[in-house]
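These notes concern the structure reproduced below.
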Amino acid sequence: MTSNNKFYSIIVGLAVLAYLATALVDNQYYFFAGFAILQLMIMALAWNILGGYVGYVNFGSAAFFGLGAYAAIFVMEYFKADLFTQIITAGCFSAIVGLATGALTLRLRGVYFAIATLALLVVSETLILNWDYVGGAAGAYILPKRNPTVLGLLIVGKENALFGNYKELLFFVLCIFGLVTIVICRLIERSKFGRGLEALRDNEQAAESMGVPTLRLKLIATTISASIMGFTGGVFPYYMTFIDPISAFNLDISVNALAMPLIGGTATWLGPVLGAVVLGTLQQIATVTISSEINLLIVGLFLVGFVIFAPDGFLGLIKKFRNRGD
Amino acid sequence: MNALVTGILLGGFYAALAIGLSIAFGLLDIVNIAHPAFIILGAFVAFIFNSQFGLDPILVSVIFAPVFFLIGVLIYKVYYASFEKTGAEALRGLAFFFGVMFIIEVLLIIYFGVDFQMVQADYIDFKLTFGGGVDLPFRMLVPFVIAMIMTLGLQYFSSKTFFGKAMQAVAQDPVALRLMAIDPARIKRIAFGISLATCSIAGALFVIVMPIEPSIGRLYIGIVFAIVVLGGLGSQTGTLIGAMLLGLVESLITTFFGPSWSPAVAFGALILVLAFKPTGILGRVGDTRG
Amino acid sequence: MTVLEVNKLTKKFGGFTALSDINLEVKPGERLGLIGPNGSGKTTLINCVSGTIRDYQGEVVFNGENLNNLVAHKRARRGISRSFQIPKPFSSMTVKQNLLIPLEYAVTAEQLDGLTIEEHADKIMEDLELKDKSDDLTGGLTQIEMRKLELARAMALKPQLLISDEAMAGLSSSEVDDILKILIALNEATKITIVMIEHIMRAVMSFSERVVCLDAGKVIANSTPNEVIKNPAVEKAYLGE
């Protein structure tokens, strides 16, 4: 079997496994924890498309996430849109914002892009706080439709439905989306586009003079990254059934999105996945056993520790360990 | 009229917040995202000594400035060895300061909780009232005066003393410094120490102006960077002008649209500045493009 | 008939005039040397030609086409290639992968002439004697190998005009001869135009058919190597008063 076939078999296998889990596992805590870790993983993968492959730091992951969430709320309020439409809108809206931010600042040095993304986070939070139509500072509640159907199939219900409840459905949706994101990242790494990004990360001026359209590649990468964050945000309000600006634009989201790849390793998609799964699990345990402040402290300390002492993350450490074994 | 006075006072306060960053970011090219977090740390130090022993917050901050200086020297040592020397400052160096900011916040939350805290001093509730409805609250005036002393003092220092001149040169011409047998890393270490020392004092001013909570610093990241970029990177005069400008705009917006819009002002200004005038109002050539 | 034409090119940095009113013509297949003391504007000139700097006055014309509105990567695709004074390799890639970037991004199917880009990369590495370093990361290369990689990558763009910016700085005398031999062979085999910026006089004089000397942003000499070397203005520019 080629490595490609093997990879895609595993992806399909995991998707099937995720569906079986929703049918067989009863304890709802596992879906809660799983959802949290998946969300971390997808945000980390999305951050890494720009941070890892191109070397541009995005501090505003929470802005793209939160704007996605609120775009979903808006179409739900205004058009009474269904879940699927909401998620698509979320992704598209964040993609547009990402493209605009990039177009304004990606001509400048990378640090200015970083600072601008942070600025974007505060501006979007302020806008939403002051916009009462989507709930303003008080937040908004989401009432999921009862017994939704697609093509005559009952999606969520107590009996004869695909999923027992909404949490399981959304867990599955996020699972599929996570797997798709992994596939996207892997495709980028192996494409002409990905090689161009790598060249521009190594040396932007040299890449440009070797025919690589650096600005366009940066803009495409930013747009893809922002849209994935937007999709993830679009699922979030439905899952929580309540949303307010404080939680949707929380800086913790930005910190996690950046910390997971830097801890796991930024070179390939495997780094963010490893970082998110290991650290996400650790965070879940710390939150349950100690406190949620401690889990944030853990992320901060890991982040600083890794960037100083293990700049290539878990992936780098594994490689070093293997080389020593030879 | 009152809005203008408030704007100028606010601008002075903002200058105190940004002046240290104009050294770190403007002159040394160190993107210290954690700068406002250090200011809040300074504010909490002032708060502890004020609430425990009734000491004046500004006095406390001056006493603690050398401690912050040492922290700065230490941080620069780590930063230099781990990132600057290996050319990794663009990605990992940024992430490093982001992590430092986060750690400071979380530690403060664990220790103090998320409630707002404030300090006591005789002059805080004092207010001068003039005709025409113009107020001069001491809560703003005292920080304004201290901020001016600090800003003008630093400007004098960097334009008149030998070390100050070396600090200016380290950004533009490190080779020339080396030829004069001055170690640029040493200059940068001390300069970054000074940058952090200003955080101690700015922190005390902060807690006089308004109540603090551990993560309030985040709201000021945009403001301080906007001011430094507006001011043209590393010019103390430019920083002061940028700060005044932002203070005035914010004060006017607050008067006409309400205070809930004020965070958007600084950040909106920053995005606009970056998009259309990245060389700042006073202009310095060829720095922002890369 | 010219391949490159620079007309009235002026570039200021703030108050400092780096280039003032430069006129220059380069003929197809020519080997041109560009000399001048440090800070005379040589690198600024090629930055303007290659599009790294675009806010200049005057015009840069390549094969009859005005390039002023084209960004650097588009100029590269037209066939202007450069090496960097301080080597700028893609450091996370192997030597071969470095060459594949221009081959993938700038070279047309026509130019590939039925060969794969891998085959082209292999051929260039053979020409520059880098074959056995093909799969090495750039971090482990020696000074001369790094210079060769810089040239190889510039060649992989399949340029009509190659600008080599101090490709021999820091090399030993025999290594300089090595690079010279390679460049002359390239020029004779492919009829490619080469502009060489160089401080090593021996190299630039033996390589060039014509030499242009810049001083303080102006052209002060433009003729055969022998005449330029005897030109008193050139001597003055290098030695001072």
Please state which of the following conditions C:SER91 fails to meet, knowing it meets all the rest: (1) open to solvent by 20 Å² or more (accessible area, probe 1.4 Å); (2) more than 8 Å from chain A (Cβ to nearest Cβ). (2)
Looking at B:PHE225, B:PHE192, can you tell me which residue is away from chain A (no Cβ under 14 Å), at pLDDT 75 or above, assigned to a helix (DSSP H, G or I) and open to solvent by less than 10 Å² (accessible area, probe 1.4 Å)? B:PHE192
In the stretch A:100-117, how many residues are more than 7 Å from chain B (Cβ to nearest Cβ) and in a helix (DSSP H, G or I)? 6
List the number of the failed condition for C:GLY64; all other conditions in (1) within 30 Å of C:VAL234 (Cβ to Cβ); (2) surrounded by fewer than 17 Cβ atoms within 10 Å (Cβ to Cβ) hold. (1)
Can you name the number of the only condition in (1) within 14 Å of chain A (Cβ to nearest Cβ); (2) at negative phi; (3) buried (at least 18 other Cβ atoms within 10 Å of the Cβ) that C:ARG54 fails? (3)
Failed item in (1) within 22 Å of A:LEU251 (Cβ to Cβ); (2) modelled with pLDDT under 85; (3) not in a helix (DSSP H, G or I), with B:PRO214 passing the rest: (2)
Among strands (runs of 3 or more DSSP E) entirely inside the stretch C:1-89, those with 1 or more residues being free of Cβ contacts under 8 Å to residues at least 12 places away in the same chain are C:4-13, C:16-26
Search result, residues across the stretch C:119-141 that are touching a Ser or Thr at 6+ places or on another chain (Cβ under 9 Å) and either assigned to a helix (DSSP H, G or I) or open to solvent by 50 Å² or more (accessible area, probe 1.4 Å) (or both): C:ALA121, C:ASP122, C:MET125, C:LYS133, C:ASP135, C:ASP136, C:LEU137, C:THR138, C:GLY139
Checking the conditions here, which among A:LEU170, A:LEU120 is within 14 Å of another protein chain (Cβ to nearest Cβ) and either part of a helix (DSSP H, G or I) or open to solvent by less than 70 Å² (accessible area, probe 1.4 Å) (or both)? A:LEU120
On the given criteria, is A:ALA137 facing chain B (nearest Cβ under 9 Å), buried (at least 22 other Cβ atoms within 10 Å of the Cβ) and not basic (Lys, Arg)? no
Would you check if A:MET240 is farther than 30 Å from C:SER83 by Cβ, out of contact with any Phe, Trp or Tyr (no Cβ under 7 Å at 6 or more places or on another chain) and open to solvent by 10 Å² or more (accessible area, probe 1.4 Å)? yes
Of the candidates C:ILE163, C:ILE144, the one satisfying the condition of being buried (at least 16 other Cβ atoms within 10 Å of the Cβ) and modelled with pLDDT under 90 is C:ILE144
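I need a count of the residues in the stretch B:71-98 that are hydrophobic (A, V, I, L, M, F, W, C), without any contact (Cβ under 8 Å) to a residue 24 or more places away in the chain and assigned to a helix (DSSP H, G or I).
Counting residues in the stretch B:71-98 that are hydrophobic (A, V, I, L, M, F, W, C), without any contact (Cβ under 8 Å) to a residue 24 or more places away in the chain and assigned to a helix (DSSP H, G or I) gives 8.
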Per the list (1) within 14 Å of chain C (Cβ to nearest Cβ); (2) more than 30 Å from A:VAL304 (Cβ to Cβ); (3) in a helix (DSSP H, G or I), residue check on A:ALA199 breaks on (2)
Kindly indicate whether A:THR89 is in a helix (DSSP H, G or I), open to solvent by 30 Å² or more (accessible area, probe 1.4 Å) and among the polar types (S, T, N, Q). yes
Could you tell me which of the residues A:VAL57, A:VAL97 is within 14 Å of another protein chain (Cβ to nearest Cβ) and open to solvent by less than 10 Å² (accessible area, probe 1.4 Å)? A:VAL57
Filtering the stretch B:50-68 down to residues that are open to solvent by less than 60 Å² (accessible area, probe 1.4 Å) and either within 14 Å of another protein chain (Cβ to nearest Cβ) or part of a helix (DSSP H, G or I) (or both) yields B:ASN50, B:PRO57, B:ILE58, B:VAL60, B:SER61, B:PHE64, B:ALA65, B:PHE68
Residue that is open to solvent by 10 Å² or more (accessible area, probe 1.4 Å), in contact (Cβ under 8 Å) with a residue 60 or more places away in the chain, more than 30 Å from B:ALA90 (Cα to Cα) and of a type in the set (S, T, N, Q), where the choices are A:GLN28, A:GLN39: A:GLN28
So which of B:LEU141, B:LEU154, B:LEU108 is farther than 19 Å from B:SER200 by Cβ, touching a residue at least 24 places away in the same chain (Cβ under 8 Å) and surrounded by 14 or more Cβ atoms within 10 Å (Cβ to Cβ)? B:LEU141
Do you know which residues across the stretch A:60-74 are of a type outside the set (Ser, Thr, Tyr) and either open to solvent by 10 Å² or more (accessible area, probe 1.4 Å) or closer than 17 Å to A:LEU121 by Cβ (or both)? A:GLY60, A:ALA62, A:ALA63, A:PHE64, A:PHE65, A:GLY66, A:LEU67, A:GLY68, A:ALA69, A:ALA71, A:PHE74
Taking the stretch B:45-70, which residues are of a type in the set (Phe, Trp, Tyr) and either farther than 30 Å from B:GLY238 by Cβ or without any contact (Cβ under 8 Å) to a residue 60 or more places away in the chain (or both)? B:PHE47, B:PHE49, B:PHE53
Starting from residues that are touching a residue at least 40 places away in the same chain (Cβ under 8 Å) and part of a helix (DSSP H, G or I), keep the ones in the stretch B:117-138 and report whichever is least open to solvent (accessible area, probe 1.4 Å). B:ILE124
Collect the residues in the stretch C:101-116 that are more than 7 Å from chain A (Cβ to nearest Cβ), surrounded by 14 or more Cβ atoms within 10 Å (Cβ to Cβ) and assigned to a helix (DSSP H, G or I), keeping them in residue-number order. C:LEU103, C:LEU112
Take A:ILE298 and tell me if it is hydrophobic (A, V, I, L, M, F, W, C), in contact (Cβ under 8 Å) with a residue 40 or more places away in the chain and open to solvent by less than 50 Å² (accessible area, probe 1.4 Å). no
For residues that are more than 19 Å from the chain's Cα centre (by Cα) and crowded, with 20+ Cβ neighbours inside 10 Å, tally how many sit in the stretch C:203-241. 4
Inside the stretch A:250-290, can you point out the residues that are open to solvent by 60 Å² or more (accessible area, probe 1.4 Å), of a type in the set (A, V, I, L, M) and away from chain B (no Cβ under 13 Å)? A:LEU270, A:VAL277, A:VAL278, A:LEU282, A:ILE285, A:VAL288
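The values are calculated or read from the model by the stated rules, or taken from the named source; none is laboratory data. Being a predicted model, the structure only gives us computed values, none of them experimental. Note: ideal-geometry Cβ built from the backbone for every residue, glycine included; neighbour counts use all protein chains shown. In case anyone asks, the SASA skips ligands and DNA or RNA and just uses the protein heavy atoms, side chains included. Shrake-Rupley method; radii C 1.70, N 1.55, O 1.52, S 1.80 Å.
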